[in-house]
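As structure tokens, the structure follows; a few thoughts come after it.
The values are calculated or read from the model by the stated rules, or taken from the named source; none is laboratory data. This is a predicted model, so every value here is computed, not measured. So basically every Cβ, Gly included, is an ideal-geometry build from the backbone, and we count neighbours across all protein chains shown.
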């Protein structure tokens, strides 16, 4: 049986996609407010936000497989950003 372990509140806008970082210490959430929110898995608190890259909703996220660990975001503004 599956049970809920923790709840994250993305704020007043919809969450489109959620993704663990490579260490599984943080969850990155693609948001309707053009940002990517970063939550700590241990305490559920919001640790930060990636803003200013997109002009419309962030729709999807993907980590690369390199040691650098770049984050790729795709937006409704028809752009991709490498973070």
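Descriptive notes on the structure:
- Scan of the range 52-78 for residues that are out of contact with any strand residue (DSSP E or B) (no Cβ under 8 Å at 6 or more places or on another chain) and either under 14 Å from residue 21 (Cβ atoms) or modelled with pLDDT of 90 or more (or both), ordered by number: 65, 66, 67, 68, 77, 78
- When residues in the range 3-24 are screened for being modelled with pLDDT of 85 or more and part of a loop (DSSP other than H, G, I, E, B), 5 of them pass.
- Just one residue in the set 82, 42 is within 21 Å of residue 5 (Cβ to Cβ) and over 10 Å from the mean Cα position of the chain (by Cα); that residue is 42.
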